[in-house]
């Protein structure tokens, strides 16, 4: 009598290649070969194989991986595979994961094999998905839901009927560059039948579900498109109505006129962003590109666009010559070119004509509102406009001296034209970045916030359709007034006026994370990245998102992407330090904070983060020294009370921490917007005083 099979718990990843049967025999062999190489290259598979904790079996059009370790193993492996396959783009997978009983058996060749319900159900789970899906059984999802790392990626799909009338409760698993957010077609078409007294009710349910399915599909398609562009732009995913405006070359003999060339490029770009039928890449991505870039196809690939606009500006006295050319990036063919010789007073008309000509060449449709938006003259005072351009030129530099100069130029522009809305908006932006970067030697945050609020409010009053001003005022209402409803209304207004304003998407994601709407925050972060794909701060912002979503491995991975672009970027060292700290990797965290301090010029904010890391790692003496240093420093320049409170929490000095948090509320410390999500405050959350401060901030549950 044969021995009974020994059952074991396996965590099974089942996958197959979409439309495999339509491939030629040679293509099938190539695809399966690539799939094997992809799986073998994953870190999770290599680790499990080295420990003899995985069995891999071919299935004809795919394969099965049975892990004998943890439920996380097939999930991590699936993420690595999905990201690798999305970069290949020649073929697509779907995957299903289930934990269940299996038994090890030997096939006819005495090779290791497995059988059992764990394998069968994993296949049924996979069968419910479409291209790109990673579906999980309820058992796996419940295991993962216990971890903060995985919970944000789990999306309940309900039950799906499979073979032999078996009903499986499924979860969709997706995140940045892995998975498919769409409702699987098989689930979208399954309508539950329930008894009802009304004969029309089933029809209403069917109609509602069909409508939701269409909405979900439309959302998924747009989400899929911009995720692909943000991660692996290529001609297959690039709209023909997409453009990047490269920095205009300054041909003036006087190098001081660089501000003018810079300003014309930015204003042409801004007018193009008002055309919703075009995709326009943000200035901060194109600012890194040389004006004489010779490899336009490669550049366009990085930016995710089909067209490039190049230009030059020459200014002599009150005359300006502006030359532009529109290029098809893949072929470097010139589609259109024009030279404008006009007086400086005609600059706004030139910018409008350029925008209108590009829209026509790219066959972009303009609404009446958009036609008005690209034709507007923001001021009739040429001197005020020149001062405004100088202000923006220095604002982009973001240094302490440059921001001080930008404030001066914007104030001069306002003096020349008190109704110049954009000058007030620029002034508000300068004050906001002074706050953000800690350039407050003789002022408190509350004072600077009030100055920024006055300027932004005036800008919106003068021009209610100025998206940049709405976004600035929204940020102030969030960080200073704690007016969450008013802030969101203004963010949404800004994005309604200009859906391509990347900074509004960026700051709105901060708002959404602060109020606990993590999934929405990720969408806004990814949208900002699509519009600004080469911006180091925006790429790093995604690390910030994962950090506060408590997905620390993702945050670390994103910071390392930033290091590939700029290894000296202080904020990336800061964020990776925070992630290491939360993982209990204190030595690594402290080393990163020290690097961030070095690259930031000794930021008091990062000094405080180092102090907290010292405190929680047991180095109380060093943490106390840092508190003493920051208190002394506060006598000469601004030091955030919120930052000091965080160190006290790390030391277990809860009473002192709450006293300091109250002082932070009084000074309107910027860090307070993270009060609800800052994991370093976790030891104090159960204290009634925490709830009282949350209520004061408008962040109570």
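Worth pointing out:
- Filter pass, residue 393 being buried (at least 17 other Cβ atoms within 10 Å of the Cβ), modelled with pLDDT under 90 and not in a helix (DSSP H, G or I): no
- Residue check, residue 121 in contact with a helix residue (DSSP H, G or I) (Cβ under 6 Å, 6 or more places away or on another chain) and crowded, with 20+ Cβ neighbours inside 10 Å: no
- Among the residues of this structure, residue 677 does not count as one that is part of a helix (DSSP H, G or I) and in contact with a helix residue (DSSP H, G or I) (Cβ under 8 Å, 6 or more places away or on another chain).
- Just one of the listed residues (588, 524, 520) is part of a helix (DSSP H, G or I), under 22 Å from residue 672 (Cα atoms) and free of Cβ contacts under 8 Å to residues at least 12 places away in the same chain, namely 520.
- Filtered by the rule that a residue be over 32 Å from the mean Cα position of the chain (by Cα) and either in a loop (DSSP other than H, G, I, E, B) or in contact (Cβ under 8 Å) with a residue 24 or more places away in the chain (or both), the range 637-656 gives 637, 651, 652, 653, 654.
- Any hit, the range 682-696, residues being closer than 20 Å to residue 579 by Cβ and either touching a residue at least 12 places away in the same chain (Cβ under 8 Å) or not in a loop (DSSP other than H, G, I, E, B) (or both): yes
- Test: residue in the range 246-258 that is at pLDDT 50 or above, under 30 Å from residue 85 (Cβ atoms), assigned by TED's automatic domain parsing to the domain that holds residue 349 and surrounded by 19 or more Cβ atoms within 10 Å (Cβ to Cβ): no
- The residue pairs whose first member lies in the range 383-400 and is outside the structural domain of residue 264 (by TED's automatic domain parsing) and touching a residue at least 12 places away in the same chain (Cβ under 8 Å), whose second member is surrounded by fewer than 16 Cβ atoms within 10 Å (Cβ to Cβ) and assigned to a loop (DSSP other than H, G, I, E, B), and whose beta carbons are closer than 9 Å, counting only pairs six or more residues apart or on different chains, are 396/287; 400/441.
- Checked against the criteria, residue 573 does not count as in a helix (DSSP H, G or I), in contact (Cβ under 8 Å) with a residue 60 or more places away in the chain and in contact with a helix residue (DSSP H, G or I) (Cβ under 9 Å, 6 or more places away or on another chain).
- From 528, 485, residue being surrounded by 24 or more Cβ atoms within 10 Å (Cβ to Cβ) and over 22 Å from residue 640 (Cα atoms): 528
- Tallying residues that are surrounded by fewer than 16 Cβ atoms within 10 Å (Cβ to Cβ), in a strand (DSSP E or B) and touching a helix residue (DSSP H, G or I) at 6+ places or on another chain (Cβ under 8 Å) within the range 337-366 yields 2.
- Verdict on residue 314 being more than 17 Å from residue 270 (Cβ to Cβ), part of a strand (DSSP E or B), outside the structural domain of residue 397 (by TED's automatic domain parsing) and in contact (Cβ under 8 Å) with a residue 40 or more places away in the chain: yes
- Failed item, numbered, when residue 455 is tested on (1) assigned to a helix (DSSP H, G or I); (2) within 22 Å of residue 637 (Cα to Cα): (2)
- Any hit, the range 292-305, residues being surrounded by 15 or more Cβ atoms within 10 Å (Cβ to Cβ), at pLDDT 85 or above, within 19 Å of the chain's Cα centre (by Cα) and within 30 Å of residue 155 (Cβ to Cβ): yes
- Boolean, residue 493 is more than 30 Å from residue 574 (Cα to Cα), touching a residue at least 40 places away in the same chain (Cβ under 8 Å) and part of a helix (DSSP H, G or I): no
- Selected residue [touching a strand residue (DSSP E or B) at 6+ places or on another chain (Cβ under 9 Å) and over 22 Å from residue 500 (Cα atoms)] from 344, 246, 303, 278: 344
- Identity of the residue in the range 396-410, under 15 Å from residue 425 (Cα atoms) and in a helix (DSSP H, G or I), that ends up modelled with the lowest pLDDT: 403
- With respect to the stated conditions, residue 552 fails to be farther than 24 Å from residue 284 by Cβ, crowded, with 23+ Cβ neighbours inside 10 Å and in contact (Cβ under 8 Å) with a residue 24 or more places away in the chain.
- Residues located in the range 317-336, provided they are in a strand (DSSP E or B) and under 29 Å from residue 254 (Cβ atoms): 319, 320, 321, 322, 323, 324, 325, 326, 327
- Residue selected from the range 142-160 under the condition assigned to a helix (DSSP H, G or I) and under 18 Å from residue 555 (Cα atoms), by the criterion modelled with the highest pLDDT: 153
- All positions within the range 460-481 that are in a helix (DSSP H, G or I), free of Cβ contacts under 8 Å to residues at least 60 places away in the same chain, under 28 Å from the mean Cα position of the chain (by Cα) and crowded, with 18+ Cβ neighbours inside 10 Å: 460, 467, 468, 469, 470, 471, 472, 473, 474, 475, 476, 477
The values are calculated or read from the model by the stated rules, or taken from the named source; none is laboratory data. Please read these numbers as outputs of a predicted model, since none were measured by experiment. We place every Cβ from the backbone using ideal geometry, glycine too, and count neighbours over all the protein chains shown.
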